[in-house]
Amino acid sequence: MSGIHDLIDSEVKGNDVVLFMKGTPQFPQCGFSGQVVQILDYLGVDYKGINVLADQEIRQGIKDYSNWPTIPQLYVKGQFVGGCDIVREMFQAGELQSHFEEQGIAVRGAA
């Protein structure tokens with residue numbers, strides 16, 4: 001499974017913000033993915049959404065890559081941030097906005 005690991009690693013390290021999700025940013029296929037999309041869209045953050053439903057290898061591979069059992073998974077500058085609950089809690093506390101800014105990522109909804 002190193003091929004899929006290399007593909008995931010390339011996406012995580014090649015994009016500032018990557019969301020591995022069920023569905024697409026335009027059409028999330030689960031509520032948790034939809035919540036993270038809403039937060040990222042609200043903040044005006046540019047990100048790449050990767051639909052794990054389109055490829056079973058990626059769906060399992062991302063769980064192995066992060067050693068995290070659930071999807072969605074958010075990565076910023078190559079680092080795993082968390083899933084829906086963590087992202088939502090960070091957003092509500094203002095920590096997500098700060099994290100993006102510390103990483104040099106423009107945030108529209110920062111206050």
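Just to be sure I understand the model, the point goes 7 Å from the Cα along the line to the Cβ. What's the resulting ASN67 to LYS13 distance in nm?
1.9
So how much slack lies between SER2 and GLN60, counting 0.36 nm per residue of separation and subtracting their Cα-Cα distance, in nm?
Details: separation 58, 0.36 × 58 = 20.88 nm, distance 1.24 nm.
Working it through step by step, the gained length comes to 19.6 nm.
With N set to the number of residues, divide the alpha-carbon radius of gyration of region 48-99 by 2.2 N^0.38 Å and report two decimals. It would help to have the intermediate numbers written out before the result.
Details: Rg = 11.8 Å, N = 52, 2.2 N^0.38 = 9.9 Å.
Cα Rg divided by the expected 2.2 N^0.38 Å: 1.20.
So what J values fall out for region 42-49 if you push phi through Karplus, 6.51 cos²θ - 1.76 cosθ + 1.60 with θ = phi - 60°, rounded to Hz, Gly and Pro as x?
Coupling constants for region 42-49: 4, 6, x, 7, 6, 8, 9, x Hz.
Could you go through region 51-66 in sequence order and give the Karplus-derived ³J(HN,Hα) for each residue, using 6.51 cos²θ - 1.76 cosθ + 1.60 with θ = phi - 60°, rounded to whole Hz, and x for Gly and Pro?
Values per residue, Gly and Pro as x: 7, 6, 6, 7, 8, 4, 5, 5, 4, 7, x, 5, 5, 5, 4, 8 Hz.
Rg and Dmax in Å for the chain, alpha carbons only: what are they?
My reading of the Cα-based Rg and Dmax gives 13.1, 43 Å.
Express the carbon and sulfur contribution to the solvent-accessible surface of the chain as a percent, rounded to the nearest whole number, probe 1.4 angstrom. Present the calculation step by step, with values, prior to reporting the outcome.
Working: 2760 of 5930 Å².
C and S atoms contribute 46 percent here.
The values are calculated or read from the model by the stated rules, or taken from the named source; none is laboratory data. These figures come from a predicted structure and were not determined experimentally. Ideal geometry is used to build each Cβ from the backbone, glycine not excepted, and the neighbour counts take in all protein chains shown. For the accessible areas, the whole protein counts, side chains as well, though only heavy atoms, and no ligand, DNA or RNA atoms are used. Shrake-Rupley method; radii C 1.70, N 1.55, O 1.52, S 1.80 Å.
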